[in-house]
């Protein structure tokens, strides 16, 4: 029997404890499909006749590539002892194990699996599913003996119809390869990324050329496929400056001594409100062990009042309720409930308390006007800080993975088609607006140079 070799990603994937579910969410060419086949092989070898595996794709046509991978791997291990029924798309192994290659496109297709039990569920190219409903439904088919771990593995590339929900659920939660609790499944998951340039079994230069030829006019999609960057969104306003590997940081447990802190807030009632705790670096190391150049901004926490299924709809909270939650957030970080907010909340008239800002003040939260100036200037400052993140000699803008609303909305914000230098304000821009005010406040206090001159507004 030939020796089975792993690339670095596959080796790390195989070392993950079986109690963990896995999202294989890297770019193209990283070896995800072969990694899934390896997991099938190990499961069958470990559990024999108890192993009941289901591999799913959205269409039967999509099964062909994985079928070839399985023929190569299982042929190497079992020769002709592992039998494949092409009509049924079923592998039967000499120890009684079972692997079915199945198709799931609609709820009607689910009837094929209803009432059946599987011990390992694999979903490949999950980005082809625009919503998670069907895959969540399939979890009910995971059942096995008490002494046998059941498991779900999902694989996808960024950029497909399911990009949004996959990124929100599995990517912008914690750093790669660190377990986290996924609330919907109530299971511990791991985000396991891969890229083609670390796959020693392919000609990386040739594969790079293939990717470039497939995306001649779409640099964002090329970056997503090449680097596995889930912050990429084609045509989005921040697509060229927002990069998960540079801008996303692990959640902090405290703010270091000597860092400046303030709040930045965008008010809403029927629309969401968004409030961020901003920590400004004096030039030092954060609790995550990462060095942040002087004047870098880290968004360490967020309070967003939006409906769970609609990021553009608010919860209709009153100012006293919102202020109470803001104060509670500030107490956790041991900072003062003060900062900057949208100029509009300082308008007098039409409000019993004088202004919304006055009511906040009476409730113990003090905001100063952001003095927004021109929107484009603010966006340019924010874009510059996002683009400079990761450089050792320039301040950047970093966003904690705990800021889930911002990671949910910022990567997908569209340009205003009538004013392409601006964000389309009909979208869920409330978190972005709050961050923009915080960036304006930072630059205004850090430099005496006029904003329009410093950033070309």
Inset, instruction - Would you mind classifying the range 377-434 by shape? Square roots of the alpha carbon gyration tensor eigenvalues, ordered a ≥ b ≥ c; an a/c under 1.5 is rounded, otherwise it is prolate if a/b is larger than b/c and oblate if not. - result: oblate
Legend entry - Length released on extending from residue 419 to residue 137, taking residue separation times 0.36 nm less the Cα-Cα span: 97.3 nm
Legend entry - Relative contact order (%) - criterion: Cα under 8 Å, at least six apart; region: the chain: 15 percent
Legend entry - Cα shape, the range 8-198, gyration tensor, a/c 1.5 rule: rounded
Legend entry - 137, 297 arranged by Cβ crowding within 10 Å, fewest neighbours leading: 137, 297
Inset, instruction - Quick one: angle between helix 430-446 and the longest Cα principal axis of the chain, in degrees between 0 and 90, rounded to 10, please. - result: 50 degrees
Inset, instruction - Can you tell me the relative contact order of the range 282-438? Whole percent, Cα pairs under 8 Å, sequence separation 6 or more. - result: 27 percent
Legend entry - Distance cut-off 41 Å, percentage of C-alpha pairs in the chain lying past it: 27 percent
Legend entry - In nm, spacing of pseudo-spin labels at residue 257 and residue 213 (7 Å Cα→C-beta vector): 6.1 nm
Inset, instruction - For the range 247-455, go through all pairs of different Cα atoms, get the mean of 1/r, take its inverse, and jot down that Kirkwood value in Å. - result: 17.3 Å
Inset, instruction - Pop a pseudo-label 7 angstrom from the Cα along the beta-carbon direction at both residue 92 and residue 362 and give the gap in nm to one decimal. - result: 7.8 nm
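Helix-only mean residue ellipticity at 222 nm, the chain, DSSP H runs n ≥ 4 weighted -39,500 (n - 2.57), per residue, nearest 500. What is it?
-9000 deg cm²/dmol
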Legend entry - Fraction of beta bridges assigned by DSSP in the chain that are antiparallel (%, nearest 5): 45 percent
Inset, instruction - For residue 107 and residue 328, compute 0.36 nm times the residue count separating them, minus their Cα-Cα distance, and round to one decimal in nm. - result: 75.2 nm
Legend entry - Mean separation of Cα contacts under 8 Å (6+ apart) over length of the range 394-440, as relative contact order %: 29 percent
Legend entry - In degrees, nearest ten, helix 63-78 long axis to first principal axis of the chain (Cα): 50 degrees
Inset, instruction - Working from Cα positions, state the angle (0 to 90°, nearest 10) between the long axis of helix 32-47 and the longest principal axis of the chain. - result: 60 degrees
Inset, instruction - State, to one decimal in nm, how far the label point of residue 321 lies from the label point of residue 188, with both points 7 Å from Cα in the Cβ direction. - result: 3.7 nm
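Every read-out reported here was derived from the displayed coordinates using simple, explicitly stated rules and does not represent laboratory data. From a predicted model like this one, the values you see are computed outputs, not experimental measurements. Every residue, glycine among them, receives a Cβ derived from its backbone with ideal geometry; neighbour counts consider all protein chains shown.
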